[in-house]
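One structure below.
The values are calculated or read from the model by the stated rules, or taken from the named source; none is laboratory data. This one's a predicted model, so the numbers in the text were calculated from it and none came from an experiment. A quick note on method: Cβ atoms are made from the backbone with ideal geometry, for glycine too, and the neighbour counts reach across all protein chains shown. These area figures cover heavy atoms from the full protein model, side chains too; ligands, DNA and RNA do not enter into them. Shrake-Rupley method; radii C 1.70, N 1.55, O 1.52, S 1.80 Å.
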Amino acid sequence: EWVQTNIFYNKDGFRDKDYSFKKPDGVFRILIIGDSQTFGHGIDHVEDTYPKKLESQLNAAAGSKKFEVLSFARPGWNSDSHLQYLYKKGLTYQPDLIMLSLYHNDILPPTFFDCDSTDLDLVDTSHFLHSVLNSSAIYNFLKFRINRGLEASGLKPNYIECRKGIYNSRGWDMQRLYLDAIIGTAKKNKIHFMMTVIPVLFRLSDDYPMRFAHEKLAGF
């Protein structure tokens with residue numbers, strides 16, 4: 001319902017306005033590739049998503065220079081999708097900078113990776129009551145608390161544990177190949193490259209549990 005109410009797509013199927021393939025004179029064009037975080041899932045107005053905020057703030061500070069920030073992001077995308085659409089559509093827009101906006105679930109798990117942090121349902125999803133209960137705030141509160149209790153007691157892995165497992169698996173080896181291909185493409189086409197890593201919004205102090213992943217990506 002939220003998507004139907006708030007989302008419109010441009011000619012390429014992205015949540016952004018249409019841009020010409022040919023870059024206008026005097027414009028510095030940034031192509032951001034990402035997932036639902038960059039898409040702005042849950043943000044009602046496209047101008048409030050961070051790619052559009054970045055575009056407006058750069059233009060406000062740039063004087064005579066003009067910036068365009070194109071959002072190439074879709075919910076559920078992983079690094080294979082980023083690479084695919086960079087070739088399929090992204091390069092045709094003549095970007096000056098490719099910004100890969102990485103979230104930790106963009107790294108694909110290996111085929112036999114068995115860590116699943118998905119919240120367990122209290123009612124079988126095939127049961128007719130499931131759709132009714134799923135719209136109940138009380139049911140969702142109970143489901144949330146029970147799942148956190150299972151994680152605290154070690155009966156179910158949590159999201160951080162599964163992410164750590166992927167960073168120490170063949171999934172990271174594949175991620176390095178995707179990153180190499182994206183960075184190599186940028187260099188070959190004389191395009192600047194930048195990667196920004198979106199944190200897991202959990203304990204953002206000195207004991208932030210995903211710090212090792214940021215350091216690993218920075219080291220790469």
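Can you tell me which residues in segment 93-130 are polar (S, T, N, Q), surrounded by 15 or more Cβ atoms within 10 Å (Cβ to Cβ) and part of a loop (DSSP other than H, G, I, E, B)?
Passing the criteria: Q94, S117.
Determine if segment 131-154 includes at least one residue that is crowded, with 18+ Cβ neighbours inside 10 Å, under 17 Å from the mean Cα position of the chain (by Cα) and in contact (Cβ under 8 Å) with a residue 24 or more places away in the chain.
Among the residues of segment 131-154, not one is crowded, with 18+ Cβ neighbours inside 10 Å, under 17 Å from the mean Cα position of the chain (by Cα) and in contact (Cβ under 8 Å) with a residue 24 or more places away in the chain, which makes the answer no.
Starting from residues that are among the small types (G, A, S) and in a helix (DSSP H, G or I), keep the ones in segment 75-85 and report whichever is nearest to the chain's Cα centre (by Cα).
S79
Considering only residues that are at pLDDT 95 or above, farther than 26 Å from D180 by Cβ and open to solvent by less than 40 Å² (accessible area, probe 1.4 Å), which ones fall in segment 47-90?
Listed by number, the residues that qualify are T49, K52, E55, F67, E68.
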